[in-house]
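Only one structure is covered here, and it is reproduced in the block below.
The values are calculated or read from the model by the stated rules, or taken from the named source; none is laboratory data. Just so it is clear, the model here is predicted, and its values are computed rather than measured. Glycine also receives a Cβ, built like all others from the backbone with ideal geometry; neighbour counts cover every protein chain displayed.
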Amino acid sequence: MNNFVLYCKSYSRDFLRLKRLLESVKRHNVDHIPFYISTPASEKALLEEVIGKVDYDWVADEEIVATNPRADLVKYREMPGGLSQQIVKAEFWRLGLAENYLCLDSDSKFVRDFKQSDFVTDANVPYTVLHQNKELFQLATNRGHHKVEHDLRVEAERVQKLFNRVGPHFYCAPAPFNWSAKVWQSLDQEYLQPKSISIWDLITPEHPESLIYGEALMKYCAIPLIAIEPLFRTYHYDWQYFLMKRLGETEAKLAKHYFGVIYQSAWDMDGHLGAPNKSLPSRLLRRIKRFGRFLQSYL
């Protein structure tokens, strides 16, 4: 078992983004930390066609799902992809490949060199991203996007109630998530098994995996909590990206404080592989709205 690995759960539409991530890992992975990628088994051939066969280890999503004796492959296949991928990422630990793993999204890229000690202590305890989202909330408030803070606070409150915790809202996002297998195992033993449920019942659109991990860590204390700020700069919204770029933010400047950057695929559509899902009029309207938000960044 490795002390620490990199892991990305991906799928075909994100393979061009994943190729960019892999190239950045090869460029900046000073310690040659193992990099695991999982996809549906049916997409392995396409994965190798797009990103090649070297510099990573491949695992089938189905193999990860099957490691949980209480999981249901039928339920996995019927579940929306955006939700099932959260659970697959949270279940990667069951493969027994690593004690800790940095869980990356395909729309990530490293912008500076990194080594294992940047993510775990000498005692092999991972640093935990844990903060109150004040920077994003303040920025959203300044720009009049009040729904951003409201929705995230409501989400945090729902997950806190699952663990009967009263107090400040804490967030373990954005990605990448620096996770310990011990924390996920404690959730399984202390919360899921006594309730005779699996993580497939717990993680829902209302209860995201990142918040569940943080609350489980604070509740069951499976590892020492050593809090750090987000590891990557994440552009959650196009208006945020346009504003920060106008203020002079570049990848070169980000490298001073962040290991990488994330251009959220929810708004950065240019990296999709394959034919667009939306109609031409829909795509044109989307681009017009996006251009309007670009102009708004100057107000």
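The residue pairs whose first member lies in segment 203-219 and is among the small types (Gly, Ala, Ser), whose second member is assigned to a loop (DSSP other than H, G, I, E, B), and whose beta carbons are closer than 6 Å, counting only pairs six or more residues apart or on different chains, are 210/172; 210/173; 214/170; 214/172. The set of residues from segment 1-42 being among the acidic types (Asp, Glu) and either touching a Lys or Arg at 6+ places or on another chain (Cβ under 7 Å) or surrounded by 17 or more Cβ atoms within 10 Å (Cβ to Cβ) (or both) comprises 14, 31. Considering only residues of segment 184-201 that are within 20 Å of the chain's Cα centre (by Cα) and touching a residue at least 40 places away in the same chain (Cβ under 8 Å), which is nearest to residue 170 (Cα to Cα)? Top of the filtered list is 184.
Residue under question is residue 237, and the condition is that it be surrounded by 13 or more Cβ atoms within 10 Å (Cβ to Cβ) and either touching a strand residue (DSSP E or B) at 6+ places or on another chain (Cβ under 8 Å) or of a type in the set (S, T, N, Q) (or both); does it hold? In short, no.
So which residues in segment 1-44 are among the hydroxyl-bearing types (Ser, Thr, Tyr) and within 28 Å of residue 73 (Cα to Cα), if there are any at all?
So the first thing to find is which residues in segment 1-44 are among the hydroxyl-bearing types (Ser, Thr, Tyr), and the list is 7, 10-12, 24, 36, 38-39, 42.
The answer is 7, 10, 11, 12, 36, 38, 39, 42.
For segment 142-157, residues that are under 25 Å from residue 231 (Cβ atoms), basic (Lys, Arg) and either out of contact with any helix residue (DSSP H, G or I) (no Cβ under 9 Å at 6 or more places or on another chain) or in a helix (DSSP H, G or I) (or both) total 1. No other residue among 280, 273, 284, 295 is modelled with pLDDT under 80, under 22 Å from the mean Cα position of the chain (by Cα), more than 23 Å from residue 129 (Cβ to Cβ) and among the aliphatic types (A, V, I, L, M) apart from 273.
Condition test on residue 224, is it assigned to a loop (DSSP other than H, G, I, E, B), at pLDDT 90 or above, over 21 Å from residue 111 (Cα atoms) and out of contact with any Gly (no Cβ under 6 Å at 6 or more places or on another chain)? Yes: the conditions hold for residue 224. Just one of the listed residues (220, 263) is among the hydroxyl-bearing types (Ser, Thr, Tyr) and touching a Phe, Trp or Tyr at 6+ places or on another chain (Cβ under 7 Å), namely 263.
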